[in-house]
Amino acid sequence: QVQVVESGGGLVQPGGSLRLSCAASGSMFRIYDMRWYRQAPGKQRELVTVIASGGSTYYADSVKGRFTISRDNAKNTVYLQMSSLKPEDTAVYYCNAFDGRADFWGQGTQVTVSS
């Protein structure tokens, strides 16, 4: 069982920045594909970004150029650097770890973009 814990959410003004962190347990972190999803009130959960075990990345069009995903395998941690935040980025952000067989989810962290 992989434990996934997000941190770093909060309230930020439009145009501001925020960095989320996601720590995942396990000695095989380096082979996990790591993903960030988000779910806004009344909307379905959507995929935001992915960083594969080999380092390749994917971004949803809505965040491309503003968000950056990275990973530190020595710390079993993935980061989501969010810049130029917009009110429509407001959501609960969930981290997901895929070990090749199963998905593991964190509890989510709230990001609110508001003046």
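For the stretch 1-21, filtered to residues that are outside any loop (DSSP other than H, G, I, E, B), of a type in the set (Val, Ile, Thr) and open to solvent by less than 30 Å² (accessible area, probe 1.4 Å), the residue that is nearest to Val113 (Cα to Cα) is Val12. Just one of (1) open to solvent by 70 Å² or more (accessible area, probe 1.4 Å); (2) touching an Asp or Glu at 6+ places or on another chain (Cβ under 9 Å); (3) aliphatic (A, V, I, L, M) fails for Ala74. It is (2). Among the residues of the stretch 22-37, those that are in a helix (DSSP H, G or I) and open to solvent by 40 Å² or more (accessible area, probe 1.4 Å) comprise Arg30, Ile31.
Yes or no: Arg45 closer than 16 Å to Asn96 by Cβ, surrounded by fewer than 16 Cβ atoms within 10 Å (Cβ to Cβ) and out of contact with any Asp or Glu (no Cβ under 9 Å at 6 or more places or on another chain)? Quick ask: steps written out before the conclusion?
Values: closer than 16 Å to Asn96 by Cβ: yes; surrounded by fewer than 16 Cβ atoms within 10 Å (Cβ to Cβ): yes; out of contact with any Asp or Glu (no Cβ under 9 Å at 6 or more places or on another chain): yes.
Here the answer is yes, as Arg45 does meet what is asked.
Could you tell me which of the residues Tyr79, Tyr59 is open to solvent by less than 70 Å² (accessible area, probe 1.4 Å) and without any contact (Cβ under 8 Å) to a residue 12 or more places away in the chain? Reasoning before the result, please.
Numbers: Tyr79 fails: without any contact (Cβ under 8 Å) to a residue 12 or more places away in the chain.
Going through Tyr79, Tyr59 in turn, just one is open to solvent by less than 70 Å² (accessible area, probe 1.4 Å) and without any contact (Cβ under 8 Å) to a residue 12 or more places away in the chain: Tyr59.
For (1) in contact with a Leu (Cβ under 9 Å, 6 or more places away or on another chain); (2) not polar (S, T, N, Q), each residue gets a yes or a no:
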position: Glu6; (1), (2): yes, yes
position: Asn73; (1), (2): no, no
position: Arg101; (1), (2): no, yes
position: Thr112; (1), (2): yes, no
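When the stretch 87-115 is filtered for residues that are under 21 Å from Pro41 (Cα atoms), touching a residue at least 60 places away in the same chain (Cβ under 8 Å) and surrounded by fewer than 13 Cβ atoms within 10 Å (Cβ to Cβ), the ones remaining, listed by number, are Pro87, Gln107, Gln110, Ser114, Ser115.
The values are calculated or read from the model by the stated rules, or taken from the named source; none is laboratory data. Model, not experiment: these values are computed from the prediction. Here Cβ is always computed from backbone atoms with ideal geometry, including for glycine, and neighbour counts include all displayed protein chains. Protein only, heavy atoms only, side chains kept; ligands, DNA and RNA dropped before computing areas. Shrake-Rupley method; radii C 1.70, N 1.55, O 1.52, S 1.80 Å.
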